[in-house]
Each structure stands twice: as structure tokens, then as C-alpha cells.
Amino acid sequence: MELSEPTVIGKISYTNSWPVFHHFHPAELGIPATLVSEVPAVLNRGMADGTIHVGALSSFAYAASSDKLLLLPDLSVSAEGRVNSILLFSRVPAASLGNGRIAVTNTSATSVNLLKIIMAKAFGVQPEYVSADPDLDDMMAEADACLLIGDHAIRASWQDQGYIVTDLGQLWKEWTGCSMTFAVWAVNRQAATERPKELAAIAEALIRSKERGVAELRPIVLAACSEIGGTAAYWESYFRNLCYEFGERQQEGLSLYFRYAYELGLLPREVRLELWESNLLTRVKE
């Protein structure tokens, strides 16, 4: 890998990450950098193979490639309870689905495995899981419950179709008492060695963007109203409810999630969180 090549930054397009990226502009970094906005599967693969040097990815994707990645400090998409965009729709309470079939979104391993952990360890049941495209009506035509995430879950939650709606973030909190982290920011280990100066500049810019985004939500709220729909009040509440820090509280919850995933055979090895620490990285203070 030639250091003359631009540093490649991966961007998740999901609404919940908008406050981190809204004020982030690679052209202002003063270093050669390229922003790649892709579906999670492409970003996850790029982070693992080193074609993307730094970026956002799902928590479970980090775990699957943790031998090749280091976590960035101070950045995540987490929730202390309700997350409002990872929702189980069902005809009976979640704890009663042991003999049922659950259609799960094919767009997020983190949320699907969170559901499997809760069903197996909290409720002691083993329903059948079938992967499906994220469409509420189609999924419920073939199953007793369905899991939707992101904008699909949000739009479905705006329609009262008579289903029980269970927030997985809230279930996790009630069962474990812990926060849950759904997305993280990480650097490729090789890139961390080869281009620490560039990565430090990007990390600081992302943290500044996050802090400004959280402090000035109005343009992000208006963008969500325009692109997704809904009211300004809904989106203001949605973004305010999320946590974009990655401190001890978030790390504790994520470590527990990884431990349970390993115990259920969802991960092939135990995962220890490793944060990238660079003497070039100056933490941006709130």
C-alpha cells in the first residue's frame, strides 16, 4: 500500500449516524482523503481487507474482524434503553414466541444477533428465524413476528397495524441494565501503523462533527423530515435519545453483548475491545 494513496473513509448512510457525519467534510482535512458511502456489507468488507482505512461499521461486524481492527475512542451509536429504530413486530408478546417463526431483516447482523441473544438467554426460547427483505406486510404474511431496523422500522412504527411493537434496546436494558452499542468507528490495524497522522486528523474531525451535530440538530432534523418523512418533533426526540459517546458505560454493554454472542456460538472467538490510542490524537472536549 502506497502512502501517497488517499486515506479512505467509510460512511454508513443510516439515519442514526447522521449527527456524526453531517459536519464532516474530507476536503477540509488538509490531507488526501476519500469518503465512501456504501451499504454496511461493503463497508464491513473494506474495513476488514484494508481497502477502507477508517470508518463506521456495525458492532457485530467489528467483532467478526476484531483481529484486523481497532476501535476509535469517543464515537458510537448507542442507546441507554429505547433506540426506536430496532423493533420487533409480533402478534403475541416476545417471550411467547418460542414455537414461532420470526422473519428477520437481512440488513443487520448486530440487531438479528441481539434478538437471538435476548430470546435464548432472557426468555429461554428458540424460535425459528428466517431471513427476509425488510417489508412489514410481506414478513408478517410468512411469520409470527418480524424484526425491522433503521428507516424501515421507523416508518412501520408510524402505522398502527395492531401488532405488539417491542424495542430491542429497551428489552436489553431491562434485562441486563446495560447500554447497547449498535455501531462503532474503527481503523484498520495496518493503516493505524502506516498513516497515524492522517487517521488522527480524521478522528478529530469526526469528533468535532459529532459534537457540533448533537449541539445543532436542526439541520439534521430537517434533512430527516425531507428524506424519510415524519415530524420535526419525532426526529428531534429520536436523535436526542441516542448516545454518540463511547465511554466506559458503552464499552461495558458492548463487551457483554459480545460475550453472550460467543456463548451462543454466534461469534467464533471471544472478543476483547481494543481502542486505538495515538499520541497524535488530541481529544476534542465537549
W172 - would you say it is assigned by TED's automatic domain parsing to the domain that holds I202 and either closer than 27 Å to A41 by Cα or of a type in the set (K, R) (or both)? no
Collect the residues in the range 157-212 that are hydrophobic (A, V, I, L, M, F, W, C), buried (at least 21 other Cβ atoms within 10 Å of the Cβ) and closer than 20 Å to S111 by Cβ, keeping them in residue-number order. L168, L171, W172, M180, F182, A183, V184, W185, A186
For a quick check of your reading: which strands (runs of 3 or more DSSP E) sit entirely within the range 121-202 and have at least 3 residues that are in contact with a strand residue (DSSP E or B) (Cβ under 8 Å, 6 or more places away or on another chain), among the β-branched types (V, I, T) and over 14 Å from I102 (Cα atoms)? 180-188
I'm told N99 meets every condition in (1) more than 19 Å from the chain's Cα centre (by Cα); (2) at pLDDT below 95; (3) assigned to a helix (DSSP H, G or I) except one. Can you identify the failing condition by its number? (3)
Report whether or not D74 is in contact (Cβ under 8 Å) with a residue 40 or more places away in the chain, more than 30 Å from M140 (Cα to Cα) and of a type in the set (D, E). yes
Please indicate, with yes or no, whether at least one residue in the range 213-232 is surrounded by fewer than 16 Cβ atoms within 10 Å (Cβ to Cβ), modelled with pLDDT of 95 or more, in the same structural domain as L43 (by TED's automatic domain parsing) and within 29 Å of S65 (Cβ to Cβ). no
Residue among L57, L114 that alone is in the same structural domain as Q161 (by TED's automatic domain parsing), under 22 Å from D151 (Cα atoms) and touching a helix residue (DSSP H, G or I) at 6+ places or on another chain (Cβ under 6 Å): L114
Suppose we filter the range 3-24 for residues that are closer than 26 Å to A215 by Cα, in a loop (DSSP other than H, G, I, E, B) and in contact (Cβ under 8 Å) with a residue 40 or more places away in the chain; how many remain? 4
Condition first: under 30 Å from A215 (Cα atoms) and touching a Ser or Thr at 6+ places or on another chain (Cβ under 7 Å). Can you find one or more residues in the range 86-104 that meet it? yes
Checking V36 against (1) surrounded by fewer than 24 Cβ atoms within 10 Å (Cβ to Cβ); (2) assigned to a strand (DSSP E or B); (3) out of contact with any Gly (no Cβ under 7 Å at 6 or more places or on another chain), the condition it does not meet: (3)
Any idea which of I31, I52 is within 18 Å of the chain's Cα centre (by Cα) and not in a helix (DSSP H, G or I)? I52
So for the range 95-112 (the condition being buried (at least 23 other Cβ atoms within 10 Å of the Cβ) and over 21 Å from L264 (Cα atoms)), does at least one residue qualify? no
Selected residue (only one of S76, S66 is part of a loop (DSSP other than H, G, I, E, B), more than 22 Å from V165 (Cβ to Cβ) and polar (S, T, N, Q)): S66
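The values are calculated or read from the model by the stated rules, or taken from the named source; none is laboratory data. This structure is a prediction, so every number in the text was calculated from the model and none was measured. Quick reminder, even Gly has a Cβ in these numbers, built from the backbone with ideal geometry, and neighbours come from all protein chains shown.
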